[in-house]
Amino acid sequence: MKLRNFVPSILVLGFLAGLSAAAPPSAHAGDADVIAAQATRQPDGSYEVSATIRHADEGWHHYADRFDVMTPDGQVIGKRVLAHPHVEEQPFTRSLGGVAIPEGVDGIRVRAHDTVHGLGGQEVSVKLTR
């Protein structure tokens, strides 16, 4: 076989490889970032945690779908599911009540999750007042 017969095949394979490596359109929204958080102690000793999240929600196929409340060492102690996209409301703030903070823990971390990238965006740490 001659080399010239392989050149078109190599070009087509290279083109197809480039297509498969390209990010799908839904990946453009990026990670979900927590840009602010607050923890308010309730009369029963639990906390209400509010998180302000920024994410370029694109609809049901790609949106910020939850935030987690964690101890400083990463133990998840609360999750707030976000039931729908917030395409027209950015950034947005939602709260989670009844968060039980273990004794001896003096701060929390708050992170967000999205339906395409999962975790990985900006987290916020909050110092607790007891």
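The values are calculated or read from the model by the stated rules, or taken from the named source; none is laboratory data. Just so you know, these numbers come straight off a predicted model, no measurement behind them. We place every Cβ from the backbone using ideal geometry, glycine too, and count neighbours over all the protein chains shown.
Worth pointing out:
- Residue check, Arg94 in contact with an Asp or Glu (Cβ under 7 Å, 6 or more places away or on another chain), of a type in the set (D, E, K, R) and at pLDDT 95 or above: no
- When we screen Val110, Val99, Val116 for residues that are farther than 14 Å from Ile53 by Cβ and under 14 Å from the mean Cα position of the chain (by Cα), the only hit is Val116.
- Residue ID - surrounded by the most Cβ atoms within 10 Å (Cβ to Cβ), chosen from residues in the range 37-82 that are within 19 Å of Pro102 (Cβ to Cβ) and of a type in the set (Asp, Glu): Asp68
- Beta carbons closer than 7 Å, at least 6 apart along the sequence or on distinct chains, never pair a first residue in the range 112-130 that is more than 26 Å from His84 (Cβ to Cβ) and among the charged types (D, E, K, R) with a second that is outside any loop (DSSP other than H, G, I, E, B) and at pLDDT below 95.
- Condition check for Val34: within 30 Å of Val99 (Cβ to Cβ), surrounded by fewer than 14 Cβ atoms within 10 Å (Cβ to Cβ) and modelled with pLDDT of 90 or more: no
- Looking only at the range 83-120, and only at residues there that are among the aliphatic types (A, V, I, L, M) and closer than 20 Å to Thr40 by Cα, the one that is surrounded by the fewest Cβ atoms within 10 Å (Cβ to Cβ): Ala100
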